[in-house]
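FYI, it's all coordinate maths here, none of it is from the lab. What you see is a predicted model; the values in this text were computed from it and never measured. Note that each Cβ is placed from the backbone with ideal geometry, even for glycine, and that neighbours are counted across all protein chains shown.
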Amino acid sequence: DWRIKESPFVNRKARIILLKDPEQFAEAEYYVRQVQARVHQVRQSNEEGGHFWPRILIYQTGWLAVLSIIALITTVNGAAFVGWIAFLLGVPPASASVGWAVLFISTLAWGGIGGATAAMWSLYYHISVQRDYEPIENLWYYTQPLIGMVLGGIVFLIMGSGFLIVQATPTAGDAAIGARLVPAVIAVIAGFRQTVVLDMIERIVGLIAPTPKEPDSGASTGELSI
């Protein structure tokens, strides 16, 4: 018993078909094969998932811990981190360049957190809920924190360029933490739900280079459109 909810229903449906119309053997066999395929999928998911999920979970947890520390420091604008960034850039700590650099690193970290969270949720869902885990998807799990960071950087560029109307100007002080949380939230969403950034990019491309509308076929041929 592999705890497949669909199996009893499908088997019962196959038996009903055979009892009512024995000539429909092919259809009944089709439903039985569905059950067999699902049982094989669950068995493979249990075996392969049990082998891979611990290392994937450890990998994602490591990323989540490191990125959480970076996100916390950059979001609260830690003085030591700001001083280190100012030293690397060769500018005073109060310079606007430092503020932008801290905001950029913050969106990278929060985007990576979103990506790692998405990978961990997907791992749980496919192993414990759907039970359809496939080892070929391991590359997706391992790259999610990195892809989330990239998308967080893209969010920073979109906000900094003014295409997304939010407060993206780096400011200092406790009152500015709320303003810095807005880019962080958007970066997390971008890392967790990557289609959000793709939709933003498509809209921006549409503003910069609008797709030319196709001419009306009726007007081009001199025919009236009804």
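If the segment from Ser97 to Glu47 were pulled out straight at 0.36 nm per residue, it would be longer than the present Cα-Cα gap by 12.9 nm.
Using equal-weight Cα scatterers in the Debye expression, the normalised intensity of the stretch 94-133 in log10 at q = 0.30, 0.32, 0.33 Å⁻¹ is -0.87, -0.91, -0.93. Simple spin-label estimate for Val66 and Glu202 gives 3.3 nm between the two label positions (7 Å along the Cα-to-Cβ direction from each Cα).
Counting 0.36 nm for each residue step from Val39 to Ile58 and taking away their Cα separation leaves a gain of 4.0 nm.
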